[in-house]
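S.K.: Dropping the structure in here first, questions after.
The values are calculated or read from the model by the stated rules, or taken from the named source; none is laboratory data. These numbers were taken from a predicted model, which means no experiment stands behind them. Heads up, the Cβs are rebuilt from the backbone with ideal geometry, glycines too, and the neighbour counts pull from every protein chain shown.
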Amino acid sequence: MKHVVVIGGGIAGMQSALSLKKRGFDVTVVEKSNRLGGKLLNWHCLFPSFTPATEVTDTLKQRIADSGVEVRLNAEVVEFDRHHVVLADGERIECDAVVLCSGFTLFDARIKEEYGYGIYDNVYTSVDIEAMLNKGRVELKNGGRPRRIAFLHCVGSRDEKVCQRHCSKVCCVTGVKQAIEMKQLFPEADVFNFYMDIRMFGPGYEEMYREAQQKYNIHFVRGRISEAAPTIDGRLQLKAEDTLTGRPLKISVDMLVLLVGMRSNDDNARFAEHSGLQCAPSGFMAPADMFLSNVASGVGGIFYAGAVTAPKSVGEVLNDGAAVAEAVTGYLG
Amino acid sequence: MNFFAPFCIPFMVGAAVMAVALVLKYVLWIWHLPRADRKLLVSGIFTVQSIKAVGEVISESLLHRRIFKVNPLLGYMHASLAFGWFLLITVGWIETIAYLGFRYVPLQGHVFFKYFATCIAEHKPVFDFLMDLLLLIVLSGVALAWGKRLYSKAMGMRRTTKHVLGDRVALSALWFIFPARLVAESLTCAIYGGGGFLTGSISSFLAEHVSGSLLAALYEPSWWFYSSMLGIFFVALPFSRYMHIFTEIPLIFLRRYQLRPREKESSYDNFEIQACSRCGICLDPCQLQSELGINDVQSVYFLRDRRYNRLKLAVANNCLMCGRCEAKCPVGINLNSLRQNSRDTMRNIPDESRYGYLASLDRSQGEGRVGYFAGCMTLLTPRTLSAMERIFAAAGEDVWWADRNGGVCCGRPLKLSGETDSAKKMMRYNKELFYKHNITTLVTSCPICLRVFRDEYALRGIEVLHHSEYILRLMRQGRLKVDAAGGRFTYHDPCELGRGCGIYDQPRAVIEAVGELLEPKHTREDSLCCGASLANTVINDAQQLRIARSMSAEFEQTGASTVVTSCPLCKKTVARGSSLPVKDLSEVVAEHLA
């Protein structure tokens, strides 16, 4: 039986493994952390339906447990080619094909120092907000309820100054989703979204955006925040420009949420060099082509699924998992 | 003895044209000097500065001491041409006197003495030897100049200047002058006898192997050729790069009298611009050249374009003003100041209506004799700001915060872009603000602000300190204690702080109080620019990043675990290019407060 190694145990890796197993391959999932599920484990619920993220992760984990897919946890891959995957402890796993599902890296908001993440209280990232929602405690540092909340879009996306030119795709709709969640928790609070463009590309997204404005009275200001600074009374003063009216504005808020983008993994370049793969200028892995072979790598026997090739939504990642099994079958016969 | 022959005409015409052009130029330039500059000139002439200038002329215009420092071979090439030719003229002059005694000899009589002296039977072998030796030295310089065209790396130069047509004509003439002289003198000796070890040996070879009629036929043309080459070179000199040969001399004097390029273009600039020899030493240090392949904006090309009135704003603006070339310029031209006043000429369009908000604006906070000016870039890197807050608190300093709550720009970015008058509005505002709050010390963590506070604000009664100087002072006074926790640091010298303000040692002393300091390959006066300089408004972000990446690589090679710098703009830029954490000096100190 042909053996396929799936690198990464997030939702892309799990779905790929399941689809491959169903097609009769012997599958091993190699995951560097101590559990399956990837970044989605930290997520509270998913746009636009507000489906709890655990519904996806738990279901996939259960299916993996039932499927007979071999799972190797705490196993970090240092290099691979189509016939071998080498782990950090030196172990070499023989295989016939590799599916790279190593996903993405979250942009480190501390790099945009002017927004004060890690410096001032009550500056959070969208990831922090999901964690707080999961814990069921969303509050200010002093335990108080925020009266005014600002979301800032495109932190580490579409920003040449931090070498991230690409759009991270999912942050716009995440910002709308989290703004609604905030408004549900704190109906008395004013919630602002500072954006460059609002990109509502998926089914139900535009409707959710409209609802945010009409039903929840969330304010959308077109313009990026230039800097945040603490005020004497412990709030945050934001400087921005409303580019629709062409005027600079200053606003004091209790909480600033940075919608951090998805950037490529630092490993990508090293993997590419070792295995003869191609990276896109953004640093994400470049598939063989954008249409007919978008889960193939250009190197026979190495395939991609999920956000390792570009920022993707949960639904798109899961589709990749099914598509890659089809491509591997075509390759191994 | 008759000191005229028709072949002298090209030389005589050339020398006359050159003399008239030079005198006209220098008289006009001095005539048009700003009144203040003329005052400096008059009050400086009869001081010791003039004597020092004579010394500098000998060491720089003749011996080219500073080029020797760049590369010994390159120095020898310049010195052999300049000093060798100078001695050839001087010794030739003495030779004439030795043969003829003190009597009037026209210029061409000195220059073509070998031609006219054939009738003198008596020979003085000392002069034959000396003149041949000097000719050989100059010829070796010419040979090196040819060699440099073929393989400039041998002289430590990876790139040489691309010359314009006029320069090429003058250069070719210059290259032919001395070989032509050698041929003409050797032919003369072959026919009439005499000559030293060089011309003498060549002449005996010629006499033996070439027929007498051929020698006679070549004799006059060879002198015509020599004279023509001299003539062409002299006519081209005032209009080509060779203008530098003479212009460096008045420049050295004027500089000794404290004349400098001003905020606005002035007549003095001509002396600096035309003292550029287009040697091209400024090309290699330029990171726009080495990293981005931009090869038409460097100082040599900027000065050339400005001299011939074809300077474009895109060239004037395409410079980091990092000062790396200025530090290496063998003529010591104030390259950044000249570029800045060019930008002023091309770009200074004050917008009166934009600065109405400055009136009655005061967002400063706190009270104290020490003022802290964060500057825009520190406000965008608030870790530095909060570190400074902790340092001030630890030292028990009462601080007046000039702009923590938002302030007015120091003015340097506008100045760098040429908008001098708008910058002045901001400078006046800040100056009045500092005086109003009665501070005695002004601390800033931004070298860009520091530079303009020191150079342009003329803050009487207020000591301006960079935070690295201030922190070191606190530590030496015992007001600030840090624990020597160790750690391996490397330090990036910001251009504005290092080459701009000469501050190299203080930040290093502060780092060494905390841990180990590892120097990158390019350091101190030779440090690299991060690439994000405010002075360059032409290159794009991706190009800035390429510079940042390449210069950051040096930090990783040191084996340090943290890159330290003391400029908020450098910090942001290096952080983009480096995989190591990048911190401001104040952050390192604040993290290690005892």
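S.K.: Quick check: is even one residue across the range B:329-336 assigned to a helix (DSSP H, G or I), at pLDDT 95 or above and of a type outside the set (Val, Ile, Thr)?
M.R.: yes
S.K.: A follow-up question, please. Any residue in the range B:499-522 that is closer than 30 Å to B:Asp344 by Cα, touching a residue at least 40 places away in the same chain (Cβ under 8 Å), within 14 Å of another protein chain (Cβ to nearest Cβ) and buried (at least 17 other Cβ atoms within 10 Å of the Cβ)?
M.R.: The answer is no; no qualifying residue exists.
S.K.: Check B:Asp403 against each of (1) in a helix (DSSP H, G or I); (2) within 37 Å of the chain's Cα centre (by Cα); (3) within 14 Å of chain A (Cβ to nearest Cβ); (4) not hydrophobic (A, V, I, L, M, F, W, C) and name the one condition it does not meet.
M.R.: Here B:Asp403 clears every test but (1).
S.K.: Right, something else. Looking at (1) more than 29 Å from B:Trp223 (Cα to Cα); (2) hydroxyl-bearing (Ser, Thr, Tyr); (3) in a loop (DSSP other than H, G, I, E, B), can you tell me which one B:Tyr104 breaks?
M.R.: The single condition B:Tyr104 does not satisfy is (1).
S.K.: Quick one: count up the residues across the range A:280-305 that are surrounded by 23 or more Cβ atoms within 10 Å (Cβ to Cβ) and touching a Gly at 6+ places or on another chain (Cβ under 6 Å).
M.R.: Number of matching residues: 1.
S.K.: Name the pairs whose Cβ atoms lie under 8 Å apart, with the first residue in the range A:173-194 and under 22 Å from A:Gln237 (Cβ atoms) and assigned by TED's automatic domain parsing to the domain that holds A:Lys250, the second hydroxyl-bearing (Ser, Thr, Tyr) and part of a strand (DSSP E or B), and 6 or more positions between them or separate chains?
M.R.: Here the result reads A:Gly175/A:Tyr195, each pair linking the range A:173-194 to a residue that is hydroxyl-bearing (Ser, Thr, Tyr) and part of a strand (DSSP E or B).
S.K.: Restricting to the range B:358-398, what's the tally of residues that are over 40 Å from the mean Cα position of the chain (by Cα) and either buried (at least 21 other Cβ atoms within 10 Å of the Cβ) or not aliphatic (A, V, I, L, M) (or both)?
M.R.: Looking only at that region, the number is 12.
S.K.: So, in the range A:286-333, how many residues would count as being of a type in the set (Phe, Trp, Tyr), under 14 Å from A:Val6 (Cα atoms) and assigned to a loop (DSSP other than H, G, I, E, B)?
M.R.: Total satisfying the criteria: 0.
S.K.: Anything in the range A:70-88 that is without any contact (Cβ under 8 Å) to a residue 60 or more places away in the chain and assigned to a loop (DSSP other than H, G, I, E, B)? List them, or say none.
M.R.: Those that are without any contact (Cβ under 8 Å) to a residue 60 or more places away in the chain and assigned to a loop (DSSP other than H, G, I, E, B): A:Asn74, A:Ala75, A:Glu76, A:Ala88.
S.K.: Can you tell me which residue within the range B:312-334, out of those that are hydrophobic (A, V, I, L, M, F, W, C) and more than 18 Å from B:Ile539 (Cβ to Cβ), is surrounded by the fewest Cβ atoms within 10 Å (Cβ to Cβ)?
M.R.: B:Ala327
S.K.: Within the range A:4-44, work out how many residues are in a strand (DSSP E or B) and surrounded by 17 or more Cβ atoms within 10 Å (Cβ to Cβ).
M.R.: 8
S.K.: Only residues that are over 13 Å from B:Leu218 (Cβ atoms), touching a residue at least 60 places away in the same chain (Cβ under 8 Å) and within 44 Å of the chain's Cα centre (by Cα): list them for the range B:179-204, please.
M.R.: If the condition is that a residue be over 13 Å from B:Leu218 (Cβ atoms), touching a residue at least 60 places away in the same chain (Cβ under 8 Å) and within 44 Å of the chain's Cα centre (by Cα), then B:Gly195, B:Gly196, B:Phe197, B:Leu198, B:Thr199, B:Gly200 are the ones that fit.
S.K.: Moving on to the next point. Check every one of the helices (runs of 4 or more DSSP H) wholly within the range B:1-85 and list those with 2 or more residues that are closer than 30 Å to B:Thr96 by Cβ.
M.R.: B:8-31, B:48-56
S.K.: When you scan the range B:58-92, how many residues do you find that are more than 28 Å from B:Phe113 (Cα to Cα), surrounded by fewer than 19 Cβ atoms within 10 Å (Cβ to Cβ) and either over 16 Å from the mean Cα position of the chain (by Cα) or not hydrophobic (A, V, I, L, M, F, W, C) (or both)?
M.R.: The number of residues fulfilling the criteria is 7.
S.K.: Would you please name the residue that is nearest to B:Leu545 (Cα to Cα), looking only at residues in the range B:563-580 that are in a loop (DSSP other than H, G, I, E, B) and more than 10 Å from chain A (Cβ to nearest Cβ)?
M.R.: The selected residue is B:Ser578.
S.K.: Among all residue pairs at least 6 apart or on different chains, which show Cβ distances below 6 Å where the first residue, located in the range B:413-426, is closer than 15 Å to B:Asp455 by Cβ and assigned by TED's automatic domain parsing to the domain that holds B:Asn341 and the second is β-branched (Val, Ile, Thr) and buried (at least 21 other Cβ atoms within 10 Å of the Cβ)?
M.R.: Listed pairs, sorted by first residue: none to list.
S.K.: Turning to a different aspect of this structure: State the number of residues belonging to the range B:192-209 that are in contact with a helix residue (DSSP H, G or I) (Cβ under 8 Å, 6 or more places away or on another chain) and over 13 Å from B:Ala117 (Cβ atoms).
M.R.: Number of matching residues: 9.
S.K.: Can you pull out every residue in the range B:355-400 that is under 21 Å from B:Val482 (Cα atoms) and β-branched (Val, Ile, Thr)?
M.R.: B:Thr384, B:Ile391, B:Val399
S.K.: Quick one: how many residues across the range A:99-147 are out of contact with any Ser or Thr (no Cβ under 8 Å at 6 or more places or on another chain), within 14 Å of another protein chain (Cβ to nearest Cβ) and not in a loop (DSSP other than H, G, I, E, B)?
M.R.: 4
S.K.: Any residue that is assigned to a helix (DSSP H, G or I) and crowded, with 20+ Cβ neighbours inside 10 Å - is there at least one of those in the range B:344-356?
M.R.: Yes.
S.K.: Could you list, in sequence order, the residues of the range B:463-480 that are touching a residue at least 40 places away in the same chain (Cβ under 8 Å), closer than 24 Å to B:Cys495 by Cα and outside any helix (DSSP H, G or I)?
M.R.: B:His466
S.K.: Go through the range A:218-273 residue by residue and tally those that are β-branched (Val, Ile, Thr) and either under 18 Å from A:Arg110 (Cα atoms) or within 13 Å of chain B (Cβ to nearest Cβ) (or both).
M.R.: 5
S.K.: Next question. Restricting the search to the range A:198-252, which residues are within 17 Å of A:Val176 (Cβ to Cβ), among the aliphatic types (A, V, I, L, M) and either assigned to a loop (DSSP other than H, G, I, E, B) or over 28 Å from the mean Cα position of the chain (by Cα) (or both)?
M.R.: Hits for the range A:198-252 are A:Ile198, A:Met200, A:Ile218.
S.K.: Considering every residue within the range A:179-197, establish whether at least one is in a strand (DSSP E or B), at pLDDT below 95 and of a type in the set (S, T, N, Q).
M.R.: Within the range A:179-197, not a single residue is in a strand (DSSP E or B), at pLDDT below 95 and of a type in the set (S, T, N, Q).
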